[in-house]
Each structure stands twice: as structure tokens, then as C-alpha cells.
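See below for the structure under consideration.
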Amino acid sequence: MEELQSQPDDRPQLLLIVKTLPTNLSPLFDQKFRLVKAWESELPLDQFLKINASSVRAMIASHATSVNADLLQLLPALRLVVTSSAGVNQVDLAECRRRGVSVANVGNAYSEDVADMAVGLLIDVLRKVSASDRYIRHGFWKVKGDFPLAHKLGGKRVGIVGLGSIGCEVGKRLEAFGCTISYNSRSKKPSITYPFYSNVKELAENNDVIILCCSLTDETHHMVNKEVLSALGKEGVIVNVGRGALIDEKELVRCLVGEDIRGAGLDVFENDIASNVPDELFQLDNVVLSPHAAVLTPESFEKAASVMIANLEAFFLNKPLLTPVSNP
């Protein structure tokens, strides 16, 4: 790869250190920015950055890109990190603030699709859609007869953890099913009429379903533990479209295997790698698994790309960012 200085180009510079963009989105960035594609280099990242990144002022960071002090040290001219996710737990916000680096995320670009997935997982767990599909495909309908009864969604009491843009979209969808909604968040929202619970255990005690939509922080790590799962009870269902580590996964597996809760719909896991999904979950018909796919639609990617590009253009024009993330 040529050094930046040897590339005569009027486009602003953008450092992209994550995996390649989806094929249909890459041209959108390539038309507007001069991309520094670290993933194409055989050099170790630190060597690549020393050669190519001395004047890079902006970068894109996926959820798998750790923007920490070590990386920032290699980017002395960096002034903006744009994440390709809504969550920013991969970014050391305090270190960015110390170095004068602004951070922007994709805002609510993924909210509708993630909310759709949350409701889809819940319907699947309650109505046993995936389990009944397997029942037919394996020939059990012919041999064993009628499939066991499932449970309706309408009328269920649903507690949403994290009533941001995703949580609000989930609530709107479930109201249409006749569900009763309540929520837990960092603070009560004056504009929201749903009942508020100040802690997740109380939310679990007063609901049939818990849906996790919040971000992962030191405070929310393993927020769903043995105590919360016990409060949810044998008839309870949990859905996670936030981050895997919001739940104590070992405790969740124990509760599911022991039928201490009714079921779970999981789009995320403590380690979002196929080899690290607990084997015990594969054998359970009361569990629906999704490979961290809630945002994986062409529509959500296009919307996210437009937000990312708008933030980058605003930065290079010295205008306010569209979706800035507050530093601590």
C-alpha cells in the first residue's frame, strides 16, 4: 500500500481498520473518502499505521475494533472515531476525551430491525416456530402425532431493559399485540407512560417476559444473574438483542436446562463466536438462537452508512456531528 502522502487525491482521508465493508456499501465510502484499508495489508497493524496513518484524522470502528490507548497512540492526528454500531463499548471514551477525539455512532439506524428481531425471537420462543419446523422436518409429526401446545403472545406482561430507540420500537410493536409494557432504564423518562422499575429484579418479578435492549457497561455486565432469573420464574422468557454479557450465561444455561424459566431468544452471547456458544443450548427446544444477526439487513446497513457518511462529512466541514456520543 502506498503512503498517504504519495496519493494525490482531493477526497478527505478516512482510516478504515475493520473488515471490509459490505460489497454494496463500499462504493458509497470510496466515492467520498480516500480509504486506508488496513485489513488488506500483511503488516502487523502497528507497523501499518506507522507507515500510513500519521495524518489520518478520522476512522471507522466496528464493534470488533478496540479503540484503546494503544491504538490511539499510533494515531496522533486522529480527531474522530465513527462507529459502525450503535453501542460504543469497544471505544475507550475517557481516553478519547483526554486526547481530544470525538466519537459518533450510527444513532437509531438499526433500531427498527433490531426491534423486529426481538419480537420475532419472542414469538418464536412462545409459539415454538423453530421447534415445530424441526418436528416436521425430522418426521416426528407422522410418528408422534400432534405437536405440543405453545403459548400466545397477546396479553403478556413484557419488561424492557433499556428504553432507548430500540426499546421504544420494541414497546410500540408489542403494544399492537396487546401486551402490557413496563421498563427499567438508568432513570425514569418523564415522557414515557409505561410503568418504571428502578432495578431489573423488580422488573422480572412483575413480568412474564424480559427483553434486553440496553448497552453493555461495567454497571450492566451480568445484570441478569441468578437472582433476576429466579425472579422471572418458571413461566418467564428472556430475549437478548443487546450484548451477550448482559446475562450471566452460565447461570442462564443452568436455568434453561433445569426448566427454571420457560425459554430464551438469544441474538447475542458472551462470546459472539460460533465455537463459544454453549453446547447445552443446541439441544433445547425452548431456546431460539440467532448469530448476532439482528442488524443484518441491506436496509439497516444502507441507513447506517448514510449516518456514518453524514458524520464524516460534517467533521471534515467543521460542522456539528449528527450523532455524537457523550464522553464520560
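Laboratory data are not the source of any read-out in this text; all were calculated from the coordinates shown. Since this is a predicted model, take the numbers as computed values, not measurements. When we count neighbours, we look across all protein chains shown, and the Cβ atoms used for this are built from the backbone with ideal geometry, even at glycine.
Give me the distance between the Cα centres of the stretch 32-87 and the stretch 90-137, rounded to whole Å. A separation of 24 Å, based on Cα centres. Considering only A305, Y194, H151, the residue lying farthest towards the positive end of the dipole of the chain is Y194, judged by Cα position with unit charges set on Cβ.
For the stretch 87-195, the square roots a ≥ b ≥ c of the C-alpha gyration tensor eigenvalues yield an a/c of 1.5 or more together with a/b not exceeding b/c, which makes the shape oblate. For the residue pairs K32/K188; K50/K303; K156/K188; K32/K189; K152/K250, the C-alpha atoms sit more than 31 angstrom apart in K32/K188; K50/K303; K32/K189.
Extension gain, S191 to K142: 0.36 nm times the residue separation minus the Cα-Cα distance gives 12.3 nm. Would you list, by chain and number, the aspartates and glutamates whose Cα falls below 15 Å from the Cα of K142, excluding same-chain residues fewer than 8 positions away? Leaving aside aspartates and glutamates fewer than 8 places away in the same chain, those within reach of K142 are D133.
Using the Cβ of S230 as centre and a radius below 14 Å, the other residues enclosed give a net charge of -3, where K and R count +1 and D and E count -1.
Do any trypsin sites (Lys or Arg not before Pro) in the stretch 221-328 lie in a DSSP loop with no more than 15 other beta carbon atoms within 10 Å, and if so, which? When the trypsin sites (Lys or Arg not before Pro) of the stretch 221-328 are filtered for loop state and at most 15 Cβ neighbours within 10 Å, K234 remain. For the pair N68 and K319, a Förster radius of 30 Å applied to the C-beta separation gives a FRET efficiency near 0.60, rounded to the nearest 0.05.
Rounded to the nearest 10 degrees, the angle from helix 111-127 to the longest Cα principal axis of the chain is 20 degrees. Taking every DSSP bridge with both residues inside the chain, close to 5 percent are antiparallel. Here each label is just a point 7 Å from Cα along the line to Cβ, and for S130 and S55 those points are 5.0 nm apart. Counting only Cα atoms, the size of the stretch 23-150 along its three principal axes is 68, 31, 29 Å, in decreasing order. Of the listed values (i) 0.94; (ii) 1.11; (iii) 1.07, identify the label whose number matches Cα Rg over 2.2 N^0.38 Å calculated from this model. Checking each listed value against the structure points to (ii).
In this rough spin-label picture, where each label sits 7 Å from Cα along the Cβ direction, the A176-S26 distance is 3.6 nm. If you model the stretch 198-323 as an ellipsoid using its alpha carbon gyration tensor, with each semi-axis the square root of five times an eigenvalue, the axes come out at 33, 18, 12 Å, biggest first.
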